[in-house]
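First up is the structure itself, then whatever we jot down about it.
The values are calculated or read from the model by the stated rules, or taken from the named source; none is laboratory data. Not measured: the values here are computed from a predicted model. Methodologically, a virtual Cβ is constructed for each residue, glycine included, from the backbone with ideal geometry; neighbour enumeration extends over all protein chains shown.
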Amino acid sequence: MSTIAAISTATGAGGIGIIRMSGKECFSILEKIFNPIKKESIDQIKGYTMKYGHIVDSKTGEKIDEVLVSYFKSPKSYTTENMCEINSHGGTVVERRILEQCLANGAELAEPGEFTKRAFLNGRIDLCEAEGIIDLINSKTESEAKASIKQLEGNLSKKINEIKEKILDIMADIEASIDYPEYDIEETTNEKAKRIIIKIKEEAEKLEKSFDTGKILKDGIKTAIIGKPNAGKSSLLNAILNEDRAIVSEIEGTTRDTIEEYINIKGITLKIIDTAGIRKTADKIEEIGVNKAISLAEDSDLIIAIFDNTRDLEEEDERILDLIKDKKAIILLNKIDIKNSNLENNDKIKSLNKPVVKISAKNNEGIEELYNTILNMFEINEIEMSDGNVITNIRHKNQITKAISALDGALNTIESKMPVDILAIYLKQTLEEISSITGDNVSQDIIDEIFAKFCLGK
């Protein structure tokens, strides 16, 4: 493979910039552009060491920057190839000039994610661990970062490999029963296979179910705030964000489009969406906003339905209650600083059996109770990542779902007393589905698609 180079730090001014280079010719290219204070041959320089000096123009000898260069010798590097990282002063001009010197002397510009892709292709990490890296880079919360670290450390890969070993054990028994039919061990093989397959399926279903938690960790809880006009939706959004993000007015129908913001609550992300007030209206623009609010509510993970606690329920309120009856929702009774009409005792509200929280969005009263209610509803406080087996990646989840389907087929062949040859087909399919998670059985197109999501220089 060619020697590649790229700027690994974000664009713009900064304290330092890092230009990374990897490949067989890495050190010979570096020798042409780097003048260390203490000259040594590459054989004398140990891996995991740094040298101080200057990057220079290879043609003119002009000093470009004062740098520290980190040396990583094959196979003990991120890519398993010879590799170096040039630590320069931050700044677009300096970083680009150093990169240009690398390219002018034999390196090629790396594609997005190509350093990590080489780590995968060279066997240092598997595909699952590589995806843990990009998830870690894109983490929005501490909890998501912890889950990504566990995946990067190989916890999920270990579990997948354990499942693969159990399947291979069954397949070995099946091969034996096929090769030595005179010993009549097929029935014993089926009994053992059934017992192990049921256990494997339980483990796979546990992984599949963990995606519900993983989706929250990665994407956050999609939360729609709904209510009739002037119930306090925009005031609630401002209270949650602790800023005047939405216009608050006594004029009904002020909010006509959605306002979306992210907030971190005790390590979990909420994607908060403030919507137009739900009511009948002759205003075509407002009507579009109302329909959009209803559509977003139906598609949300959580609905926060807010009601004016100074008034009795009206037709629009009852429409909102109907909207949330089959959804995960919290009922907020707002404006308790003005008047308390005890809406929580309303028969229709009580019949929904939803959590009820009294608040004053204007005075920030009850907001902490709202947060705790959300955490309890999603059992977020009980999320445990000690074993690292929380699925956050939709690709992994889909492959596990397919594997479970194949396992169902395998169990059906045993129950139907089909030949073990048929059982072997389903087990092979299961093996193929879960092997694609770690990259043992995956197409080049999928590999390219995964690494294209990485940033340049990673």
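Checking each residue in segment 130-165 for being free of Cβ contacts under 8 Å to residues at least 40 places away in the same chain and closer than 22 Å to SER74 by Cβ picks out LEU152, GLY154. Inside segment 412-437, can you point out the residues that are hydrophobic (A, V, I, L, M, F, W, C) and surrounded by fewer than 17 Cβ atoms within 10 Å (Cβ to Cβ)? MET418, ILE422, ILE425 - these are the residues of segment 412-437 that are hydrophobic (A, V, I, L, M, F, W, C) and surrounded by fewer than 17 Cβ atoms within 10 Å (Cβ to Cβ). Mind checking which residues of segment 8-36 are modelled with pLDDT of 95 or more and among the β-branched types (Val, Ile, Thr)? Within segment 8-36, ILE18, ILE19, ILE29, ILE33 qualify. Output yes when any residue across segment 332-349 is at pLDDT 85 or above, surrounded by 22 or more Cβ atoms within 10 Å (Cβ to Cβ) and in contact with a helix residue (DSSP H, G or I) (Cβ under 6 Å, 6 or more places away or on another chain), and no when none is. Looking through segment 332-349, at least one residue is at pLDDT 85 or above, surrounded by 22 or more Cβ atoms within 10 Å (Cβ to Cβ) and in contact with a helix residue (DSSP H, G or I) (Cβ under 6 Å, 6 or more places away or on another chain). Of all residues in segment 431-447, those that are in contact (Cβ under 8 Å) with a residue 40 or more places away in the chain have Cβ atoms under 6 Å from Cβ atoms of residues that are in a loop (DSSP other than H, G, I, E, B) and not β-branched (Val, Ile, Thr), 6 or more apart or on another chain, in SER435/ASN441; THR438/ASP126; GLY439/ASP126. Scanning segment 1-46 for residues that are in a loop (DSSP other than H, G, I, E, B), surrounded by 14 or more Cβ atoms within 10 Å (Cβ to Cβ) and in contact with a strand residue (DSSP E or B) (Cβ under 8 Å, 6 or more places away or on another chain) turns up THR3, SER8, THR9, GLY23, ILE45.
Among the residues of segment 64-75, is there at least one that is farther than 30 Å from LEU127 by Cα, in a loop (DSSP other than H, G, I, E, B) and among the basic types (Lys, Arg)? The answer is no; no qualifying residue exists.
Could you please find all residues in segment 47-69 being exposed (fewer than 12 other Cβ atoms within 10 Å of the Cβ) and of a type in the set (Gly, Ala, Ser)? Across segment 47-69, the qualifying residue is only GLY61.
Set side by side, the residues SER157, SER249 differ, and just one is surrounded by fewer than 22 Cβ atoms within 10 Å (Cβ to Cβ) and at pLDDT 75 or above, which is SER157. Here segment 113-133 is the region considered, the condition is being in contact with a strand residue (DSSP E or B) (Cβ under 9 Å, 6 or more places away or on another chain) and under 25 Å from GLY12 (Cβ atoms), and the residue that is surrounded by the most Cβ atoms within 10 Å (Cβ to Cβ) is PHE115.
For LEU136, the conditions (1) of a type in the set (A, V, I, L, M); (2) modelled with pLDDT of 90 or more; (3) buried (at least 16 other Cβ atoms within 10 Å of the Cβ) are fulfilled apart from (2). GLN151 - would you say it is in a helix (DSSP H, G or I) and closer than 30 Å to LYS63 by Cβ? The answer is no for GLN151. Being at pLDDT 95 or above, part of a loop (DSSP other than H, G, I, E, B) and at negative phi is a property that GLU85 lacks.
The set of residues in segment 67-114 that are touching a residue at least 12 places away in the same chain (Cβ under 8 Å) and among the polar types (S, T, N, Q) comprises SER70, SER77, THR79, THR80, ASN82, ASN87, SER88, THR92, GLN101, ASN105.
Entry remark, segment 310-330: residues being modelled with pLDDT of 85 or more, outside any helix (DSSP H, G or I) and either over 12 Å from GLU298 (Cβ atoms) or of a type in the set (D, E, K, R) (or both) number 5 in total.
Taking segment 187-238 as the range and being hydrophobic (A, V, I, L, M, F, W, C), under 30 Å from ASP337 (Cβ atoms) and in contact with a Leu (Cβ under 8 Å, 6 or more places away or on another chain) as the test, the residues that pass are ILE221, ALA224, ILE225, ILE226, LEU236. Select from segment 2-42 the residues that are within 16 Å of ALA104 (Cβ to Cβ) and among the acidic types (Asp, Glu) and list them in ascending order. Hits for segment 2-42 are GLU25, GLU31.
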